[in-house]
Structures are given as structure tokens and as C-alpha cells.
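Heads up, the thing below is written out as C-alpha cells.
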Amino acid sequence: MASGIAKPCINYVNFFWKTMVRYKVELVGWPLDTMKEPSRFNCDEMDMVFKGLHAKPPTISFRPLSDSELNAKIEERRAEENAGTIEVHRPQKRRKTKGRVQDDDNNNMAHISLIGNSLK
């Protein structure tokens, strides 16, 4: 457990900021050019990743980063973003209704009628 967290969650779209920085880990031995969700792998990519994860010893693994290593990677990433060589991460907009209870009786009635139909 490289990060010290029992069940870390990998964010494939924003891997650098949401996984590497959050958990202070580096993915070593990744065989693909980019990070993407496993559901988007083609057959050859799936085979490469599977073999790397199941090799004895595995050739793909997470390695913990020290604070100085992480800071160096963040500086390098920001320099690449500023140079335009990689896309700048833009946080997802928060939905306007987050944290509010929705009062729409029509939605509640539709939900209740669906539950009622499944019980028949």
C-alpha cells in the first residue's frame, strides 16, 4: 500500500492531480502513452497492462513519493502546462443544486410510482 490509504480511488481523467498529488504516489512501469480508463483500452493495451500487473514480480506498481519529489513533479507539470505542451487541468464545475434538497413533487411521485410498479 504505497499511499498508506486502504482503498484509494484512481481518477484516470485527472490522474496527475487527483491521484498522484492526492496520494503522493508515482505509477511506475505504465506501458501506455497516456492514462485512461480500463474500459477504453483496446485488446492490445489491455493485454500489456494485464501482463504488467500479473508479472512475477509486477512491472507496474505505485511508488510513494517524498514531499521533495512530489514538489519537483508539481513544478515540472506546471512548467509543461505553462509551455502549452500538455493540457491545463480545469476543475469540474459544481452543480448548482449540490447540498440542497430538491422539492419537485413530480419527481418524487414518478419515483414512488416506479417503486409501486416493481412491487406488483
task = Only residues that are under 25 Å from Ile5 (Cα atoms), modelled with pLDDT of 95 or more and in contact with a helix residue (DSSP H, G or I) (Cβ under 8 Å, 6 or more places away or on another chain): list them for region 36-57, please.
result = Val49
query = On the given criteria, is Arg78 assigned to a helix (DSSP H, G or I), open to solvent by 80 Å² or more (accessible area, probe 1.4 Å) and modelled with pLDDT of 75 or more?
reply = yes
query = Could you count how many residues in region 36-50 are of a type in the set (D, E, K, R), surrounded by 11 or more Cβ atoms within 10 Å (Cβ to Cβ) and outside any loop (DSSP other than H, G, I, E, B)?
reply = 2
ask   = Can you tell me how many residues in region 61-73 are modelled with pLDDT under 95 and either touching a Phe, Trp or Tyr at 6+ places or on another chain (Cβ under 6 Å) or among the hydrophobic types (A, V, I, L, M, F, W, C) (or both)?
value = 1
query = Taking only pairs six or more apart or across chains, which ones have beta-carbon atoms under 7 Å, a first residue in region 10-23 that is under 20 Å from Asp67 (Cβ atoms), and a second residue that is open to solvent by less than 30 Å² (accessible area, probe 1.4 Å)?
reply = Val21/Leu70; Val21/Ile74
ask   = Taking only pairs six or more apart or across chains, which ones have beta-carbon atoms under 9 Å, a first residue in region 56-82 that is touching a residue at least 40 places away in the same chain (Cβ under 8 Å), and a second residue that is assigned to a helix (DSSP H, G or I) and open to solvent by 60 Å² or more (accessible area, probe 1.4 Å)?
value = Ser61/Leu53
message = Looking at the structure I just gave you, is Phe62 open to solvent by 70 Å² or more (accessible area, probe 1.4 Å) and in contact with a strand residue (DSSP E or B) (Cβ under 9 Å, 6 or more places away or on another chain)?
response = yes
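Does Asp33 satisfy being open to solvent by 70 Å² or more (accessible area, probe 1.4 Å), under 17 Å from Arg77 (Cβ atoms) and at pLDDT 90 or above?
Values: open to solvent by 70 Å² or more (accessible area, probe 1.4 Å): yes; under 17 Å from Arg77 (Cβ atoms): yes; at pLDDT 90 or above: yes.
Yes.
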query = Looking at Trp17, Trp30, which one is in a loop (DSSP other than H, G, I, E, B) and closer than 19 Å to Ile86 by Cβ?
reply = Trp30
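The values are calculated or read from the model by the stated rules, or taken from the named source; none is laboratory data. Computed from a predicted model, the values in this text were never measured in an experiment. Note: ideal-geometry Cβ built from the backbone for every residue, glycine included; neighbour counts use all protein chains shown. Please note that ligands, DNA and RNA were not included when accessible areas were found on the heavy atoms of the full protein model with its side chains. Shrake-Rupley method; radii C 1.70, N 1.55, O 1.52, S 1.80 Å.
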